[in-house]
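Data first, discussion second: the structure below is written as structure tokens.
The values are calculated or read from the model by the stated rules, or taken from the named source; none is laboratory data. Here the structure is a predicted model, which is why all the values come from computation and not from measurement. Counting neighbours? That spans all protein chains shown, and the Cβs are built from the backbone with ideal geometry, glycine included. When the accessible area is computed, the model is the full protein with side chains, heavy atoms only, and any ligands, DNA or RNA have been set aside. Shrake-Rupley method; radii C 1.70, N 1.55, O 1.52, S 1.80 Å.
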Amino acid sequence: MRIRQATSADAGAIAEVHVRSWQAAYRGLVPQDHLDGMNAAARRPAWERWLARTAWPREGTLVAEADGQVVGFTGLLPARDEDEDGASVAEVATIYLVPESWGQGIGRALMDAAVAALTRAGYRQAVLWVLDANVRARRFYEAAGWHDDGVVKDDDSRGFVLTEVRYRYPLD
């Protein structure tokens with residue numbers, strides 16, 4: 001397994017991981033018709049745009065490869081929340097793995113690499129958002145030392161409401 005910075009050539013693989021992970025991880029947590037309607041080809045252009053604007057080390061994407069294939073990724077950027085200072089607080093905006101890579105330590109290695117990259121970039125803290133009902137993900141974050149900071153939001157950007165809780169991690 002290898003973790004590296006993503007390049008624009010990874011857009012298709014990242015889109016595929018993103019869709020497959022959502023379809024498995026969020027089954028029963030978001031409407032099934034939304035999950036069924038997701039496809040990597042439709043997500044690829046957004047990933048191409050995102051990867052083109054990378055501003056490493058303050059913002060970017062890391063990918064995890066196993067046997068030469070992208071099996072996971074994490075997106076990092078300055079915190080977007082109004083109550084956070086993006087100069088000192090980073091956000092782990094995404095972290096997804098293909099389902100067959102779950103439970104193998106790849107997610108933990110990817111998170112550790114993300115934390116190390118954010119620390120090297122000079123951030124003092126990191127935050128992330130997780131679905132309140134996603135018990136598996138919440139256990140993963142808590143086992144890695146993240147904690148629920150008490151902030152909750154409702155995201156209705158997809159046409160249905162997702163309640164998310166914010167987790168925080170000190171980088172010093």
Practice task
Using the structure shown, decide if ARG27 is among the basic types (Lys, Arg) and closer than 19 Å to GLY103 by Cα.
Solution key: yes
Handout entry: Enumeration of residues in the range 5-24 that are open to solvent by 20 Å² or more (accessible area, probe 1.4 Å) and touching an Asp or Glu at 6+ places or on another chain (Cβ under 7 Å)
Key = SER8
Handout entry: Contacts under 7 angstrom Cβ, first residue in the range 155-172 being surrounded by 10 or more Cβ atoms within 10 Å (Cβ to Cβ), partner aromatic (Phe, Trp, Tyr), 6 or more apart
Key = GLU164/TRP129; ARG166/TRP129; TYR167/TYR141; TYR167/TRP146; ARG168/TRP146; TYR169/TRP146; LEU171/TYR123
Exercise for the section: Test ARG27 against the criterion of being surrounded by fewer than 15 Cβ atoms within 10 Å (Cβ to Cβ), in contact with a strand residue (DSSP E or B) (Cβ under 7 Å, 6 or more places away or on another chain) and not polar (S, T, N, Q), and give yes or no. Expected result: no
Fill in the blank from the handout: How many residues of the range 57-89 are under 16 Å from the mean Cα position of the chain (by Cα) and modelled with pLDDT under 95? The answer is 1
Completion exercise
Counting only residues in the range 47-74 that are of a type in the set (A, V, I, L, M, F, W, C), farther than 12 Å from GLN5 by Cα and touching a strand residue (DSSP E or B) at 6+ places or on another chain (Cβ under 9 Å), the one surrounded by the fewest Cβ atoms within 10 Å (Cβ to Cβ) is identified as ALA66
Handout entry: Cβ-Cβ under 6 Å pairs, at least 6 apart or on other chains, the range 80-101 side crowded, with 20+ Cβ neighbours inside 10 Å, far side aromatic (Phe, Trp, Tyr)
Key = ALA90/TYR123
Fill in the blank from the handout: Selection over the range 55-71 where residues are in a strand (DSSP E or B) and within 12 Å of ALA114 (Cα to Cα) yields a count of 6
Exercise for the section: Would you point out the residue of the range 121-154, among those that are of a type in the set (Val, Ile, Thr) and within 24 Å of ALA24 (Cβ to Cβ), that is most open to solvent (accessible area, probe 1.4 Å)? Expected result: VAL135
